[in-house]
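Here's the structure we're looking at; comments come further down.
The values are calculated or read from the model by the stated rules, or taken from the named source; none is laboratory data. Keep in mind that what you see is a predicted model, and the values were worked out from it rather than measured. For neighbour counting, all protein chains shown are included, and Cβ atoms are generated from backbone atoms with ideal geometry for every residue, glycine included. Protein only, heavy atoms only, side chains kept; ligands, DNA and RNA dropped before computing areas. Shrake-Rupley method; radii C 1.70, N 1.55, O 1.52, S 1.80 Å.
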Amino acid sequence: MTTVTLSRGRVQPVWAGHPWVFAQAIARVDGAPSAGDVVDVVDPEGRFQGRGYWSPKSAIPVRIATRDANDPLDGASIGRAIERAAALRARFGLPSAETTGYRLVHSEGDGLPGLIVDVLGNVATVQLLTIGMKLREADVFAHVARVARVKTVIEVASEKAAQREGFEAKTGVVRGPDPHALELRERGLDVSLEPTITQKTGFYFDQRENRAMVERLARGARVLDLYSFVGAFAMFAARGGAQSVIAVDSSPVAIATASRLAHHHGMSDRITFERADARHRMEELARKKERFDLVVLDPPKLAPTVKHLERARGAYRRLNADAARVTERDGVLVSCSCSAAMTPDELVRVATMGARDAGRDLTLLHMGEQGPDHPVPAAFAEGRYLKAAFFRVT
């Protein structure tokens, strides 16, 4: 087996549990591994630190999948890891009669770096993000179908990852019948989605706990849901007793889907769906001096990497300024970021600066993160990508 030796001064993060071995942390490679091969990672004294798959075209040539020197990382290993992932979800009551949509495998957090699996009722969607996982896709698909007990497995391609890792990927059904719709329950709400509308691999299951918090805060409130996608925050706010909800998204397909779901649940009289640019709509509402008791700001990823962070800071600051302007005195602003490069402290800082630009002050009430079906190695800060800061605005 190929051995990857770490440089002196680069061992501690890996030893402490960080799963990524960056190219600049490698002193030498003993062997001639092909893309996707299993390799051992050792320190300069030859002590075993972990085992993973070789990705020569990536800035992260090794993502450690196991710290067990006896684990061969074969097909059976993948099956056992998926079983452990399912057992962990079961401890949190997933799936259940109330919730049939959840994340089954969350990459590094489940010892399967490069693999994301979401379950949506009888369908599992799979994303293969590394060459190591792509070469083992037959084992992945078979074990996902077996463990999750789903009828259909769909591969959802990531073109960026495939290009970076050097393989071809396409979206499509890989096991079972082609589903006409993706049907699931989310905390008691029925959701039916067209297979083509899902973002990445699912339904933003990572926001489940934050949606529950919004539901608790919504009673009697006028609510504004910005970047609403298919209206999940809006519907849970309505179920929580909101007086009225305006949900804004630029996608006509998302708005049409959200409207259909709200009608199904008898919420059409309380939720107004608008196809518009969220920032332009906030500016218009501010000019009209319209205010809301609860504002949810959940923009798309603005800082995918650290190099994008400086530009993203300005964008987040402007968005939070606009959102603060339309939040009622003593109202609640929920400011979200799914950018891994944006830390919780950074989000609070830029939101605070944006609010000051708008002549408002913020009090932090709660900091939400991704749910427990999105686990992260404790030493892997980069994996804590989702932040949801709940502020009181004065």
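Things worth noting here:
- Diffusion coefficient, µm² s⁻¹, Stokes-Einstein with Kirkwood Rh over alpha-carbon pairs of the range 45-84 at 4 °C and 1.567 mPa s: 114
- Over the range 311-394, volume per residue of the alpha carbon convex hull, in Å³: 81
- Global size of the range 257-360 as Cα Rg and Dmax, reported in angstrom: 15.0, 45
- Helix-only arithmetic for the chain: the sum of -39500 (n - 2.57) across DSSP H runs with n ≥ 4, divided by the residue total, places the mean residue ellipticity at 222 nm at -9000 deg cm²/dmol.
- Nearest 10 degrees, 0 to 90: helix 75-91 Cα axis against the chain principal axis: 30
- Shape category assigned to the range 136-225 from the gyration tensor of Cα positions, a/c cut at 1.5: prolate
- Taken over the range 84-240, the alpha-carbon convex hull comes to 114 cubic angstrom per residue.
- Surface share of carbon and sulfur [accessible, 1.4 angstrom probe, percent] for the range 10-169: 50
- Environment charge at residue 5 (Cβ cut-off 9 Å; Lys +1, Arg +1, Asp -1, Glu -1): -1
- Packing rank of 24-33, 92-101, where each peptide gets the mean count of other beta carbons within 10 Å, highest leading: 92-101, 24-33
- Cα gyration tensor category, rounded, prolate or oblate, for the range 190-304 with a/c compared to 1.5: rounded
- Å² of accessible area per residue within the chain, as computed with a 1.4 Å probe and no ligands counted: 44
- The P(r) of the range 227-280 has a tail past 16 Å containing 30 percent of all C-alpha pairs.
- Nearest-10 value in Å² for the accessible area of residue 245, using the 1.4 Å probe: 0
- Heavy-atom surface analysis with a 1.4 Å probe gives the range 209-275 a carbon and sulfur content of 52 percent of its accessible area.
- Pairwise Cα inverse-distance average, inverted: Kirkwood Rh of the chain (Å): 22.2
- Residue 289 - accessible surface, heavy atoms, 1.4 Å probe, Å² rounded to 10: 150
- What separates the Cα centres of the range 252-329 and the range 51-83 is a distance of 40 Å.
- Share of alpha-carbon pairs per 5 Å distance bin for the range 11-164, given as whole %: 2, 9, 19, 21, 18, 14, 9, 5, 2, 1, 0
- Within the range 186-326, antiparallel bridges make up roughly 10 percent of the DSSP beta bridges whose residues both belong there.
- 0 to 90° range, to nearest 10: angle between helix 278-287 axis and the chain longest Cα axis: 20
- Model label points for residue 15 and residue 173, set 7 angstrom from Cα along the Cα-to-Cβ axis, are 5.2 nm apart.
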